[in-house]
Amino acid sequence: VTTAPPEQAQSDLHARSTGALAAALTGHQSEVLGSLDELARASREAWDRARRDPGTEVPSWTLYRLRPTEVEFFQGDPDRRHVRLRYLRTADDTWSQELLWP
């Protein structure tokens, strides 16, 4: 997993809903919250700002990129002959496919 550049993270945020921007502007994720009134006040202010300025940047917004090297899919079968497919990223950045025993 890697992080995308900040400008791509901001583009991702602004492609989302006004609610996503408001939630990001509310901030303080995982910090101790003093009261529900504090959250309500911060949320109202964030919603107002998100509606007023939908291009507001939120530096803490992070876009993560997942670059798997292996992916497996499992398809169930009523007779228990499940189909398992594994895809492996190759050296030339393509994918090879393997059929696995269930």
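The values are calculated or read from the model by the stated rules, or taken from the named source; none is laboratory data. Bear in mind the structure is a predicted one, so any value in this text is a computation, not a measurement. Cβ: placed from backbone, ideal geometry, glycine included. Neighbour counts: every protein chain shown. When the accessible area is computed, the model is the full protein with side chains, heavy atoms only, and any ligands, DNA or RNA have been set aside. Shrake-Rupley method; radii C 1.70, N 1.55, O 1.52, S 1.80 Å.
Summary of computed values
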read-out	value
Gain upon complete extension [His28, Ser43; 0.36 nm per residue less C-alpha separation]	4.3 nm
The chain: calculated mean residue ellipticity at 222 nm from DSSP helix runs of at least 4, using -39500 (n - 2.57)	-10500 deg cm²/dmol
Computed over the chain, Cα set: Rg, Dmax in Å	21.4, 58
Calculated SAXS-style log₁₀ I(q)/I(0) at q = 0.14, 0.15, 0.33 Å⁻¹ - the stretch 1-45, Debye, Cα scatterers	-0.44, -0.50, -1.15
Point-to-point label distance, Leu66-Leu85, nm (Cα→Cβ direction, 7 Å offset)	1.8
Most mobile of His14, His28, His82 in a GNM of the chain (Cα contacts under 10 Å)	His82
Solvent-accessible area per residue for the chain (1.4 angstrom probe, square angstrom)	79
